[in-house]
Each structure stands twice: as structure tokens, then as C-alpha cells.
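Here's the structure, in C-alpha cells; my notes come after.
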Amino acid sequence: MKIDLHIHTKTGSDGNLSIEEVFREAKKRNINLMSITDHDSINCQERAITLARKYGIIYITGVELNVTFQYNNGKKGDKSHQNKLGNSSILSRSVSLDFLGYQYDIISQELKSKLELMREHRESRARQILEKLNVEFEKENIGRFTEEDIKKIQDSVDGAFGRPHIAEYLIKKGIVRDRQEAFDKYLVKCDVPKYPLSLAEASRLVRNAGGILVLAHPNDPNGTSLVSITSDLNEQTNIIEEYMLEYIDGVECWHSRHDARTTSHYMEFAKKHGLLMTGGSDCHQKPIIMGTLAIPDWVAEQFGK
């Protein structure tokens with residue numbers, strides 16, 4: 001059985017293929033169980049359910065929520081945890097983490113309303129980033145982005161408007177060579193805070209809609225993960241134990257940027273705490289890697305599939 005529970009589309013967020021193209025590709029790759037997990041968007045879930053039926057693929061509703069995780073010094077004032085992690089200076093700040101919501105009811109008005117609010121914030125945030133970019137361009141004698149430029153970027157967006165779309169436009173304009181340079185040179189410096197969704201609220205939204213919440217790619221070295229706090233696997237799971245267990249139902253053990261040691265560590269951790277174990281490629285179709293992970297069949301059984 002081929003399983004992929006972490007796929008993005010152009011229709012809903014920052015994938016490279018439309019939802020129709022993603023399902024055609026999934027069928028070609030003989031994927032049996034899948035989930036579309038677009039960033040902060042469930043707008044294409046109804047279409048996904050229809051396409052899954054058409055192609056004979058078992059489908060689970062999905063979404064990837066970006067959470068502002070408040071990480072304080074130790075647990076309730078306990079300094080032992082601070083000592084355990086070594087560097088206390090990195091603990092008293094907000095950290096951006098991703099969580100996957102599965103099996104929720106797509107008609108949940110509470111969830112839909114919150115995601116619409118977050119979409120509006122994304123668009124406002126993107127405009128503020130563009131304003132900051134213009135300040136940098138002036139320093140370098142590069143022509144400012146005009147309303148026409150902004151419209152062209154917006155027209156390239158099918159789903160949620162974010163920094164990747166701005167990066168692609170910077171490449172198209174010849175200002176940078178690739179997406180990495182776009183972020184390194186401009187988009188990190190010109191960033192604006194995302195919508196401040198707390199872990200407690202994300203958990204409540206998904207669970208109230210009948211779904212489950214899963215910590216995404218906890219040890220992804222290149223993504224939004226616990227690596228931003230510590231790269232030590234034991235320290236990562238200590239953080240989850242102290243701050244997250246009441247809010248999550250599972251952890252993503254298999255991921256395209258998790259090595260075998262990470263997968264084994266998180267499987268053991270999930271078993272210890274009775275958490276669901278999920279996995280997915282996190283495919284944005286750049287390149288197409290969906291269905292390439294060896295995820296065991298019993299993962300589907302956890303979802304009753």
C-alpha cells in the first residue's frame with residue numbers, strides 16, 4: 001500500500017501543480033491513501049474528496065497549520081529543563097511550528113472562519129513584505145515594485161499568498177538567481193510576523209471539527225520544525241512532553257527530510273505516549289516526490305482505513 005499524508009497543491013497553497021494534476025499524478029504513482037494538506041487552507045478539500053472517488057484513492061481531509069509556539073524558560077519555573085537544554089537564551093521566544101490537521105469535517109464553520117481570517121492576514125502580510133522589499137531596492141538602486149508588480153504576483157497565486165510566490169517573482173524579474181537567494185538576501189530580512197495562531201487554539205479548532213492534530217516534521221533541518229530550538233532528538237521529545245502532549249494526537253514520523261534515526265526515535269516516542277504515527281513526502285512538486293516514502297500499511301489502520 002502506498003501512503004502519502006502530506007501533499008501541497010497550487011490550488012490551495014504553494015504547490016506547483018493544481019489539485020487535478022496532483023490526483024492524476026497520484027493515480028499514476030499508485031498511491032492508495034493520501035491527504036492534501038495545504039497551508040492554512042481547506043478550500044479545495046471538497047474537490048479533493050470528489051477526485052479521490054474518481055480515481056479510487058482513499059482520502060483523508062487534511063490541512064497544515066502554522067502555529068506560533070510560545071516556548072518559555074523551563075516548565076512552570078523549573079530551571080532543571082533549562083539546564084538540560086544548555087542554552088537558556090534560546091528558550092524565551094516564539095517559534096514557528098507546523099501542525100497537520102486530519103479527518104476534520106470540512107463544513108466546520110469555526111474552522112473555515114478562522115482560516116479565512118488567516119488568509120486575509122497572509123495577503124496583508126505579503127503587502128507589508130513588498131513594502132520592505134522596496135526599501136531594500138532603493139538602497140541598491142533597483143526599481144521599486146509597483147501596483148502592477150503586486151498584481152502580477154497576486155495573479156500567480158491560486159491558493160494562499162506567501163513568501164514563496166514573492167520569491168518566484170524575484171527570480172522572474174532577474175533580481176535573484178533562485179529561491180534560496182531570494183530568502184537569504186531579501187525575504188528573511190524583510191519578513192513580517194505570521195498570524196499568531198497558538199497551539200491550544202489550533203488544537204481546539206481541529207478537534208472541535210472532529211479531527212486530530214499531528215506535529216509535522218519535528219526534525220526537518222530545512223523547514224519549520226523543532227530544529228529551530230534544538231537539533232538533539234531527546235531534547236526535542238522532552239519539549240513535546242512538557243508543552244504539547246495535551247494538544248496533539250500524533251506525530252509525523254516519516255518525512256522526506258527525516259533520516260532513519262529520526263523516524264525510529266519518533267516512532268518509539270509515539271508508542272510510549274499512545275500517539276498516532278503519520279507520514280508524508282511534503283511534496284510541493286518541486287520535484288515530484290509524492291508516494292516515494294516507505295510508510296507501513298498499519299499507518300492507514302490508525303485512521304480506520
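Only one entry of I60, I42, I31, I3 meets the criterion of being of a type in the set (A, V, I, L, M, F, W, C) and touching a Phe, Trp or Tyr at 6+ places or on another chain (Cβ under 6 Å), and that entry is I60. Scanning segment 55-81 for residues that are at pLDDT below 50 and buried (at least 18 other Cβ atoms within 10 Å of the Cβ) turns up just one, H81. With the checklist (1) in a helix (DSSP H, G or I); (2) within 15 Å of the chain's Cα centre (by Cα) in hand, flag the one item W254 doesn't pass. Every condition holds for W254 apart from (1). Selection over segment 276-292 of residues that are under 17 Å from D98 (Cα atoms) and surrounded by 19 or more Cβ atoms within 10 Å (Cβ to Cβ) gives a count of 8. Would you check if A52 is modelled with pLDDT of 95 or more, in a helix (DSSP H, G or I) and under 24 Å from V251 (Cβ atoms)? No; evaluated as a whole, the condition is false for this residue. Among residues of segment 171-196 that are without any contact (Cβ under 8 Å) to a residue 12 or more places away in the chain, those with a Cβ under 7 angstrom from a residue that is part of a helix (DSSP H, G or I) and not aliphatic (A, V, I, L, M), sequence gap 6+ or separate chain, pair up as I171/R179; V176/K185.
Let's see how each residue does on (1) closer than 20 Å to T37 by Cβ; (2) in contact with a Ser or Thr (Cβ under 9 Å, 6 or more places away or on another chain); (3) surrounded by 15 or more Cβ atoms within 10 Å (Cβ to Cβ):
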| residue | (1), (2), (3) |
| --- | --- |
| K194 | yes, yes, yes |
| L199 | yes, yes, yes |
| N208 | yes, yes, no |
| G211 | yes, yes, yes |
| V214 | yes, yes, yes |
| T230 | no, no, yes |
| Y247 | yes, yes, yes |
| A294 | yes, no, no |
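Going by what's in this entry, would D220 be described as of a type outside the set (S, T, Y) and surrounded by fewer than 13 Cβ atoms within 10 Å (Cβ to Cβ)? So D220 fails the test. R47 meets each of the listed conditions (1) in a helix (DSSP H, G or I); (2) farther than 23 Å from E120 by Cβ; (3) not acidic (D, E) apart from (2). In segment 160-174, is there at least one residue being more than 20 Å from T11 (Cβ to Cβ), modelled with pLDDT of 90 or more and assigned to a loop (DSSP other than H, G, I, E, B)? The answer is yes, given that some residue of segment 160-174 is more than 20 Å from T11 (Cβ to Cβ), modelled with pLDDT of 90 or more and assigned to a loop (DSSP other than H, G, I, E, B).
The values are calculated or read from the model by the stated rules, or taken from the named source; none is laboratory data. The shown structure was predicted, so the numbers you read here are calculated from the model rather than taken from an experiment. Backbone-built Cβ (ideal geometry, glycine too); neighbour counts: all protein chains shown.
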